[in-house]
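Q: Please read through the structure below; I'll follow up with questions.
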Amino acid sequence: MSGRVAVVTGANRGIGREVAAQLAAAGDTVVLTARDHRKAQDAADALAGLGVGGAVVAHQLEVTHRAGAAALAEFVGERFGRLDVLVNNAAIHYDTQQTAAAADLTIVRQALETNLLGAWQVTQALLPLLRGSGHGRIVNVSSEGGSLTNMGGGIPAYRASKAALNALTRMLAAELRSDGILVNSVCPGWVATDMGGPGGRPVHDGAASIMWVIDLPDAGPTGGFYRDGRPLPW
C-alpha cells in the first residue's frame, strides 16, 4: 500500500526518523512529530532533501500534553481528513543505572507518562481519524525488555513502561478489531541510536521491522508482539 497518511511520534532522530523516511520512500505522507518544533522541521527538511517520494510535514508534539495531542488531531483532520497509520515511537529513560529495589520513582513516573500514557493519549486523540481510514494501523514501539516471559532485573522504569504498553496493545487490538484497525507492538531490537547506544544493528533494520507491521494486509494479525516479522513472547 502507498498514499497513506501517517503520524510518527518522536521522529526527529533514531528509529522514528528512519520510519518516517521509509514511509515517505513508499509514497506515504508523514506527519513527523517531536517535542521541539525546530528539530521536527529540521528532520522533515532533511528527509525532503533526500528526494523521498511522499511529503514529510513537521508538527510539534509533546505526547504528555493533552492540548498538544488535541491540536495534532485537529491539524491532521483539517489537512488530510483521515489518518491511516499511527506509530507511537516517543520514549524516554532507558535507565540502565537503576534497579527496581532502589529505583527513583520520579524517573519511573516520567517513563510511564511518556512511554505509556503519552502513547495512550495520542491514540485516543487520533482514533476518530483512524476509524475513518478503513485500513487503520497502530504500532506501539515496544521492547523485548518489557516481555514478562523474559523479565529480569534492572532497567525498571523502561521495562515496566514497555510491559504496560504491551498490555495497552492487547486491549486496543481487541476493542478496535471491528473498526478494521490493526494494533500491534514491535520490538525493533537493539539498534544503534542515541538511546540504544553504539554497537546495535543499523537503524534501517529496526525501522524495517516496524514497517512490516504497518504493511500488514487488512486480514493480517492484530494484538501481536513482533520483531522482524516473527512473534515474541509476551
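Q: Among the residues of the range 6-31, what is the count of those that are in contact with an Asp or Glu (Cβ under 7 Å, 6 or more places away or on another chain) and either at positive phi or of a type in the set (Ser, Thr, Tyr) (or both)?
A: Residues in the range 6-31 being in contact with an Asp or Glu (Cβ under 7 Å, 6 or more places away or on another chain) and either at positive phi or of a type in the set (Ser, Thr, Tyr) (or both): 1 in total.
Q: Going by the structure shown, is Val63 buried (at least 24 other Cβ atoms within 10 Å of the Cβ) and either among the aliphatic types (A, V, I, L, M) or modelled with pLDDT under 95 (or both)? Walk me through how you get there before you give the answer.
A: Numbers: buried (at least 24 other Cβ atoms within 10 Å of the Cβ): yes; either among the aliphatic types (A, V, I, L, M) or modelled with pLDDT under 95 (or both): yes.
Yes: the conditions hold for Val63.
Q: To continue, here is another question. Quick one: Leu50 ticks every box in (1) under 15 Å from the mean Cα position of the chain (by Cα); (2) free of Cβ contacts under 8 Å to residues at least 40 places away in the same chain bar one, so which box is it?
A: (1)
Q: Condition first: within 19 Å of Trp212 (Cβ to Cβ) and modelled with pLDDT of 95 or more. Now tell me which residues in the range 29-57 satisfy that.
A: The one that is within 19 Å of Trp212 (Cβ to Cβ) and modelled with pLDDT of 95 or more: Val30.
Q: Being under 13 Å from the mean Cα position of the chain (by Cα) and among the hydroxyl-bearing types (Ser, Thr, Tyr) is the filter here; which residues of the range 105-160 pass it?
A: Correct list: Thr114, Thr123, Ser142, Ser143.
Q: Hey, does the range 120-130 have a residue that's open to solvent by 40 Å² or more (accessible area, probe 1.4 Å) and either small (Gly, Ala, Ser) or without any contact (Cβ under 8 Å) to a residue 12 or more places away in the chain (or both)?
A: no
Q: So, one more: Identify the single condition in (1) open to solvent by 70 Å² or more (accessible area, probe 1.4 Å); (2) farther than 25 Å from Trp190 by Cα that Gln97 does not satisfy, given that it satisfies every other one.
A: Status for Gln97: all satisfied but (2).
Q: All but one of (1) closer than 24 Å to Arg4 by Cβ; (2) in contact with an Asp or Glu (Cβ under 6 Å, 6 or more places away or on another chain) hold for Ala157; which doesn't?
A: Every listed condition holds for Ala157 apart from (1).
Q: So, in the range 174-190, of the ones that are surrounded by fewer than 20 Cβ atoms within 10 Å (Cβ to Cβ) and touching a residue at least 12 places away in the same chain (Cβ under 8 Å), which residue ends up nearest to the chain's Cα centre (by Cα)?
A: Gly189
Q: Inside the range 136-154, can you point out the residues that are of a type in the set (D, E, K, R) and farther than 21 Å from Gln124 by Cβ?
A: Result: Glu144, single match.
Q: From the set of residues in the range 78-100 that are touching a Leu at 6+ places or on another chain (Cβ under 6 Å) and not basic (Lys, Arg), which is nearest to Val5 (Cα to Cα)?
A: Leu83
Q: Criterion first (under 21 Å from Thr9 (Cβ atoms) and at pLDDT 95 or above) does Ala192 satisfy it?
A: no
Q: Now, a different point. For the range 16-53, give me the residue count where each residue is over 22 Å from Glu74 (Cβ atoms) and either open to solvent by 10 Å² or more (accessible area, probe 1.4 Å) or not in a helix (DSSP H, G or I) (or both).
A: Total meeting the criteria: 16.
The values are calculated or read from the model by the stated rules, or taken from the named source; none is laboratory data. No experiment lies behind these values; they were computed from the predicted model shown. A quick note on method: Cβ atoms are made from the backbone with ideal geometry, for glycine too, and the neighbour counts reach across all protein chains shown. Quick note on the areas: whole protein, heavy atoms, side chains included, nothing else; ligands and nucleic acids left out. Shrake-Rupley method; radii C 1.70, N 1.55, O 1.52, S 1.80 Å.
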